[in-house]
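**Q** What follows is a single structure, and I will ask about it in a moment.
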Amino acid sequence: MQLNRIGVAVALAMAGGSAFGQQAAAPVTAESSIQIYGHLDVSIDDITKGIAGKTSGGNTATGKLGYQSDISSNLSYLGVRGSQTLGSSGLRGVFQVETQLDIASTPGTGIPDGSVKGAWASRNSFVGLAGSWGAFKIGKTDAPYKLSTARMDPFASSIGDYNSIMGNTGGDNRAEFDTRLSHAAWYESPRMGGFSFSALFAPGQNRSSDNSTPASGEPNCTGGNPPPCTDGSYGNALSIAGIYEAGPAYLIAAYEKHTDVNRTGDDASGGGPAPAGAVGIGDEQAFKVGVQYSLPTNTTLNFIVERMTRHGSVADFNERQRSGFWLAATQTGTRPAPTASQEASCKASRSGCNTTSRPDGLAQARGGHRMMSASILSGPDFHDEAHRLRCNAAGGTLLRRPAGDGGVRFQDG
């Protein structure tokens with residue numbers, strides 16, 4: 001798929017704090033806080049899947065096969081999060097409620113998986129306790145496995161992201177190992193030197209013995225597809241990630257497991273091409289290691305190696321088993337600091353100079369970066385291709401969301 005894009009992104013953050021139960025003359029303390037935050041990201045895209053003239057099983061692709069213009073909402077959301085000190089215990093109660101915003105499209109149940117993406121709390125939302133020992137939260141969140149390498153994808157949260165390669169066992173629209181897990185409980189450690197880790201468990205809460213129905217409280221099958229749940233629906237999920245960060249280096253190792261994954265739709269028992277019982281139900285797991293390194297030239301290098309495996313009925317039909325590789329480079333441009341006369345001109349125009357000062361005397365231009373990435377995918381039976389190379393380029397404004405209150409790590413990917 002080739003993509004041309006013009007995008008506009010805006011980050012929003014509003015914070016407020018107050019002290020409850022204090023006399024008016026007492027100094028205000030950070031006993032409680034609430035923050036409203038968000039991110040609006042829309043783009044004009046020109047896209048082609050590049051399948052004109054291609055055939056599969058003797059059938060030639062039909063329809064509009066050239067470039068098509070789209071206006072996309074990308075990752076746009078609005079949320080509220082906060083914390084409250086719990087007496088003198090040293091604990092803080094924390095919460096977050098986050099909702100997807102469909103800026104350019106109409107929210108509702110008309111989308112393929114039947115869920116309402118614009119519904120209240122449709123994204124990472126939780127309640128929990130935090131302290132010097134870390135944080136324990138309950139709700140739904142992007143899995144630690146997903147979060148560990150999210151910063152290594154220059155095109156994250158857009159249709160050009162790395163999910164056609166990483167965390168994706170079958171090359172379709174679902175990246176099974178780059179997911180948000182509902183009905184989950186997880187722990188986030190404090191930073192110990194340069195090391196931290198997080199671990200999550202999500203019970204399947206599925207009354208069927210083969211996970212062939214949606215889990216209790218969910219409109220769709222676990223894994224994202226609508227019923228019947230015979231194309232990747234699973235039971236329990238376990239996700240663990242360890243991170244080491246020091247100076248310009250960022251290293252991760254992560255593991256995730258899905259139990260009793262129902263793939264009967266891939267064999268004859270569910271109408272698939274494989275012999276009946278050859279695919280069936282089995283555990284699936286993924287492991288990856290990644291390295292990000294920032295060079296003095298404002299170049300950031302990213303490399304990920306991933307292995308996804310399936311323990312199915314017949315090893316020869318474990319088509320969901322493959323390796324993935326990701327290589328990306330991001331270059332941030334700089335320009336010299338404005339001269340005294342330029343500064344005076346900026347002030348006179350009341351517009352301000354569009355730069356951010358740096359310790360080395362240079363000024364980093366806002367919106368002046370250029371990102372390029374290349375990725376390599378390998379694995380058997382992946383859309384009849386053993387290897388695929390994808391290159392992308394994009395430019396825009398680099399935005400960073402504000403950190404969570406009081407050092408508490410809020411997940412808002």
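The values are calculated or read from the model by the stated rules, or taken from the named source; none is laboratory data. Predicted model only: the values in this text are computed from it and were never measured. Cβ placement follows ideal geometry from the backbone for every residue including glycine, while neighbour counts extend to all protein chains displayed.
**Q** Name the residue, out of 208, 182, that is within 21 Å of the chain's Cα centre (by Cα) and of a type outside the set (Val, Ile, Thr).
**A** Values: 208 fails: within 21 Å of the chain's Cα centre (by Cα).
Matching residue, one of 208, 182: 182.
**Q** Of the residues 290, 280, which single one is surrounded by 17 or more Cβ atoms within 10 Å (Cβ to Cβ) and without any contact (Cβ under 8 Å) to a residue 60 or more places away in the chain?
**A** Just one listed residue meets the conditions, 280.
**Q** Can you spot a residue in the range 281-300 that is at positive phi, touching a Ser or Thr at 6+ places or on another chain (Cβ under 8 Å), assigned to a loop (DSSP other than H, G, I, E, B) and modelled with pLDDT under 90?
**A** no
**Q** Let me ask you something else. Quick check on the range 173-182. Is at least one of its residues within 22 Å of residue 326 (Cβ to Cβ), out of contact with any strand residue (DSSP E or B) (no Cβ under 8 Å at 6 or more places or on another chain), of a type in the set (A, V, I, L, M, F, W, C) and surrounded by fewer than 19 Cβ atoms within 10 Å (Cβ to Cβ)?
**A** Within the range 173-182, not a single residue is within 22 Å of residue 326 (Cβ to Cβ), out of contact with any strand residue (DSSP E or B) (no Cβ under 8 Å at 6 or more places or on another chain), of a type in the set (A, V, I, L, M, F, W, C) and surrounded by fewer than 19 Cβ atoms within 10 Å (Cβ to Cβ).
**Q** Test of understanding: among 260, 267, which residue is among the charged types (D, E, K, R) and modelled with pLDDT of 90 or more?
**A** After ruling out the rest, the residue left standing is 260.
**Q** Looking at (1) touching an Asp or Glu at 6+ places or on another chain (Cβ under 6 Å); (2) among the polar types (S, T, N, Q); (3) assigned to a strand (DSSP E or B); (4) surrounded by fewer than 22 Cβ atoms within 10 Å (Cβ to Cβ), which one does residue 220 not meet, given that it meets all the others?
**A** Residue 220 satisfies every listed condition except (3).
**Q** Within the range 160-210, which residues are out of contact with any Phe, Trp or Tyr (no Cβ under 7 Å at 6 or more places or on another chain), of a type in the set (Asp, Glu) and within 24 Å of residue 249 (Cα to Cα)?
**A** 178, 188
A quick yes/no check of all residues on (1) in contact with an Asp or Glu (Cβ under 6 Å, 6 or more places away or on another chain); (2) closer than 30 Å to residue 190 by Cβ; (3) among the aromatic types (Phe, Trp, Tyr):
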site	(1), (2), (3)
258	yes, yes, no
262	yes, no, no
273	no, no, no
276	yes, no, no
303	no, yes, yes
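**Q** Name the single residue that is surrounded by the fewest Cβ atoms within 10 Å (Cβ to Cβ) among those in the range 89-101 being closer than 17 Å to residue 134 by Cα and not charged (D, E, K, R).
**A** Among those residues, the one meeting the criterion is 89.
**Q** Among the residues of the range 67-88, which ones are surrounded by 14 or more Cβ atoms within 10 Å (Cβ to Cβ) and of a type in the set (Val, Ile, Thr)?
**A** Result: 80, 85.
**Q** Tally the residues that are surrounded by fewer than 14 Cβ atoms within 10 Å (Cβ to Cβ) and either closer than 22 Å to residue 96 by Cα or hydroxyl-bearing (Ser, Thr, Tyr) (or both), restricting the search to the range 36-66.
**A** Of the residues in the range 36-66, 4 are surrounded by fewer than 14 Cβ atoms within 10 Å (Cβ to Cβ) and either closer than 22 Å to residue 96 by Cα or hydroxyl-bearing (Ser, Thr, Tyr) (or both).
**Q** Please verify whether the range 223-230 includes one or more residues that are more than 27 Å from residue 144 (Cβ to Cβ) and either aliphatic (A, V, I, L, M) or touching a helix residue (DSSP H, G or I) at 6+ places or on another chain (Cβ under 6 Å) (or both).
**A** Checked against the condition, which is being more than 27 Å from residue 144 (Cβ to Cβ) and either aliphatic (A, V, I, L, M) or touching a helix residue (DSSP H, G or I) at 6+ places or on another chain (Cβ under 6 Å) (or both), the range 223-230 yields at least one hit.
**Q** Of all residues being within 30 Å of residue 89 (Cα to Cα) and assigned to a loop (DSSP other than H, G, I, E, B) in the range 28-62, which is modelled with the lowest pLDDT? Just the residue, please.
**A** 28
**Q** I would also like to ask the following. Give the residue that is modelled with the lowest pLDDT, with candidates limited to residues of the range 314-352 that are within 25 Å of residue 166 (Cα to Cα) and of a type in the set (Gly, Ala, Ser).
**A** 315
**Q** Only residues that are small (Gly, Ala, Ser), closer than 16 Å to residue 315 by Cα and under 31 Å from the mean Cα position of the chain (by Cα): list them for the range 267-300, please.
**A** 280, 282 - these are the residues of the range 267-300 that are small (Gly, Ala, Ser), closer than 16 Å to residue 315 by Cα and under 31 Å from the mean Cα position of the chain (by Cα).
**Q** Here is a follow-up. If residue 142 satisfies all but one of (1) surrounded by 23 or more Cβ atoms within 10 Å (Cβ to Cβ); (2) in contact with a helix residue (DSSP H, G or I) (Cβ under 9 Å, 6 or more places away or on another chain), what's the number of the condition it fails?
**A** (1)
**Q** Checking the conditions here, which among 259, 230 is on the phi < 0 side of the Ramachandran plot, crowded, with 20+ Cβ neighbours inside 10 Å and hydroxyl-bearing (Ser, Thr, Tyr)? Give the steps one after another, and end with the answer.
**A** Numbers: 259 fails: crowded, with 20+ Cβ neighbours inside 10 Å.
Of the residues listed, the single one that is on the phi < 0 side of the Ramachandran plot, crowded, with 20+ Cβ neighbours inside 10 Å and hydroxyl-bearing (Ser, Thr, Tyr) is 230.
Here is a yes/no grid of residues against (1) within 26 Å of residue 280 (Cα to Cα); (2) polar (S, T, N, Q); (3) more than 12 Å from the chain's Cα centre (by Cα):
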site	(1), (2), (3)
154	no, no, no
218	yes, no, yes
225	yes, yes, yes
229	yes, no, yes
235	yes, no, yes
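**Q** Still on this structure, please answer the following. Return only the number of the condition from (1) touching a residue at least 40 places away in the same chain (Cβ under 8 Å); (2) part of a loop (DSSP other than H, G, I, E, B); (3) hydrophobic (A, V, I, L, M, F, W, C) that residue 130 does not satisfy.
**A** Only one criterion is unmet by residue 130, namely (2).
**Q** A follow-up question, please. Which of the residues belonging to the range 186-212 are part of a strand (DSSP E or B) and either touching a Leu at 6+ places or on another chain (Cβ under 7 Å) or buried (at least 18 other Cβ atoms within 10 Å of the Cβ) (or both)? If you could, list the steps in order and put the result at the bottom.
**A** Within the range 186-212, the subset part of a strand (DSSP E or B) is 186-188, 192, 195-202.
Listed by number, the residues that qualify are 186, 188, 197, 198, 200, 201, 202.
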